[in-house]
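This report refers to the structure that appears directly beneath it.
The values are calculated or read from the model by the stated rules, or taken from the named source; none is laboratory data. As the structure is a prediction and not an experimental result, all values here were calculated from the model. Please note: Cβ atoms are built from the backbone with ideal geometry, for glycine as well, and neighbour counts cover all protein chains shown. Just the protein is used for accessible areas: all its heavy atoms, side chains included, with ligands, DNA and RNA removed. Shrake-Rupley method; radii C 1.70, N 1.55, O 1.52, S 1.80 Å.
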Amino acid sequence: MSFRTIIEPFTIKSVEPIRMTTKDERNRALIKAQYNLFKIPSRMVLIDLLTDSGTGAMSSEQWAAIMRGDESYAGSTSFERLESTVRELFGFSHIIPTHQGRAAERILFSTTCKKGDIIPNNTHFDTTRGNIEFLGAEAVDLVIPEGLEPRNPHPFKGNMDILKLKNLIKKRGKDNIPLCLLTITNNSGGGQPVSMQNIRDVRAVLDPHNIPLYLDAARFAENAYFIKLREKGYEEVSVKEIIHEMMSFADGCTVSAKKDGLVNIGGFLCTNNDLLAQKKKDLLILTEGFPTYGGLAGRDIEAMEVGLREVMNEDYLKYRLTETQYLGEHLAEMGYHTIQPPGGHAIYIDAKATLEHISPLNYPGQALAVELYKTGGIRSCEIGSVMFGKVEPKTKREEPAAMELLRLALPRRTHTQSHIDYVLEVAKEVLDRKKEIKGLKITKQTTFLRHFTASFEPLLS
Ligand SMILES: *Cc1c(COP(=O)(O)O)cnc(C)c1O
């Protein structure tokens, strides 16, 4: 056994300064932003843990590849490289580039779904659900019950409930289910992985009904590494082989490359269905671009191709999951209630349990987010009643969300351990005077996605 520190497996070649602000400056920024952290300018943020999407650092090899980008409108060699890498890694026959994940989703669902259809998933990501509902179809979440219990240490909390899937098919009929999705890792459930056995089982349920399986594979490499760490029989299998095996059970996938693609923008859609691929490419030309660039510059495609190969590096993945675990374990040790076990890309604090004196409709998650920013310039994201609370239009009464969470998402290859230690110190300071933290009320909001623009006022008592 080695007890050495798991270090960042890279050195820093290019730096971006971050600016310390004073408490006064942060207080003024909060008042100006009406206590909504989406409205704080990034130059006023010291450590930005708002999201891990498109916020990571590229490698020197990716920057070198940028220069190689072939900007030809049609038949670009950059696309040929991407196509060959994705085929080798994932094994699908058609690779369709898109500017990001949601564009791949829109094209997949527009060519497969119609009004009244049902799409099962472990848990639909918000853009996925949005694209499905926009077409008049229904997005159904079938994650295992353990996936909804914050303190249950189940190793694969992203798994789909096989019995519920069987029942859904029996009850609603296979003709109304054009495809089934599995999100790896399960983002909305806290970045929790799906086991290989579960992917295999889902496939076996779908097969007799000829229902295709697509993977929402934004974090395919993190999911594969969790399988290597936690699933019996995969200890000695390479991440590359695990990825290939996961994909072998699917008919296609959608990928936001802003996560495990290690780029700031990009995505793609894969399928083995020739007829569908043609339909998708026709739609792509209409809204995204020619099928060899799909709304991306040739240089973006080059960076993505290199990123997809780099993300399989097991030293990188070990460091990545260790960084998240380090943050999660220390927060839990000092007394924060967190979702267990730590996921791949983020730590979720249970704000309702941590700030039990603040009622859900005074937004404990938002109160904690504001406090972390005020105390140390750390930006995080509320995932609770601000984001998912429902206001009944007639009575104006508000229903709180199921959970009041605060997400600390870790951008890839961006922070060092001392940044994380700083986050922990600030978190400790906040926890030590948690009794003084007050809730907030919303003073202005929109009907849809209110969390992005809502205005708040702190309560005085
Ligand atoms: C980010 C994400 C998406 C959407 O991708 P964008 O690149 O943000 O459009 C879809 N599904 C999952 C699981 C994601 O994490």
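Some values worked out for this structure:
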| item | result |
| --- | --- |
| Hits in segment 117-145 (condition: of a type in the set (Ser, Thr, Tyr) and out of contact with any strand residue (DSSP E or B) (no Cβ under 7 Å at 6 or more places or on another chain)) | Thr127 |
| Residue check, Gly298 more than 14 Å from the ligand (Cβ to nearest atom), over 22 Å from Ser188 (Cβ atoms) and open to solvent by less than 10 Å² (accessible area, probe 1.4 Å) | yes |
| Residue satisfying all of: in segment 105-135; within 11 Å of the ligand (Cβ to nearest atom) and outside any helix (DSSP H, G or I); most open to solvent (accessible area, probe 1.4 Å) among these | Phe125 |
| Residues (charged (D, E, K, R) and open to solvent by 40 Å² or more (accessible area, probe 1.4 Å)) located in segment 41-98 | Arg43, Asp48, Glu61, Arg68, Glu71, Glu80, Arg81, Glu83, Arg87, Glu88 |
| Subset tally (residues that are within 12 Å of the ligand (Cβ to nearest atom), out of contact with any His (no Cβ under 9 Å at 6 or more places or on another chain) and open to solvent by 10 Å² or more (accessible area, probe 1.4 Å)) for segment 181-208 | 1 |
| Unique match (being farther than 22 Å from Glu149 by Cβ, of a type in the set (Ser, Thr, Tyr), in the same structural domain as Lys434 (by TED's automatic domain parsing) and in contact (Cβ under 8 Å) with a residue 40 or more places away in the chain) among Tyr348, Tyr336, Tyr363 | Tyr363 |
| Filter result (of a type outside the set (A, V, I, L, M, F, W, C) and in contact (Cβ under 8 Å) with a residue 40 or more places away in the chain) within segment 165-179 | Arg172, Asn176, Pro178 |
| Segment 388-422: number of residues that are open to solvent by 70 Å² or more (accessible area, probe 1.4 Å) and not in a loop (DSSP other than H, G, I, E, B) | 4 |
| Test: residue in segment 61-74 that is among the hydrophobic types (A, V, I, L, M, F, W, C), closer than 30 Å to Arg450 by Cα and modelled with pLDDT of 95 or more | no |
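One line per residue, one yes/no per condition, for (1) under 25 Å from Gly54 (Cα atoms); (2) within 13 Å of the ligand (Cβ to nearest atom):
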{"site": "Ser84", "(1), (2)": "yes, no"}
{"site": "Ile95", "(1), (2)": "yes, no"}
{"site": "His99", "(1), (2)": "yes, yes"}
{"site": "Ala103", "(1), (2)": "yes, yes"}
{"site": "Ala137", "(1), (2)": "no, no"}
{"site": "Leu142", "(1), (2)": "no, no"}
{"site": "Pro145", "(1), (2)": "no, no"}
{"site": "Glu149", "(1), (2)": "no, no"}
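Residue by residue, here is whether (1) of a type in the set (D, E, K, R); (2) open to solvent by less than 30 Å² (accessible area, probe 1.4 Å); (3) at pLDDT 95 or above holds:
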position: Leu276; (1), (2), (3): no, yes, no
position: Lys280; (1), (2), (3): yes, yes, no
position: Glu288; (1), (2), (3): yes, no, no
position: Val306; (1), (2), (3): no, yes, yes
position: Gly335; (1), (2), (3): no, no, yes
position: His357; (1), (2), (3): no, no, yes
position: Asn362; (1), (2), (3): no, no, yes
position: Ile378; (1), (2), (3): no, yes, yes
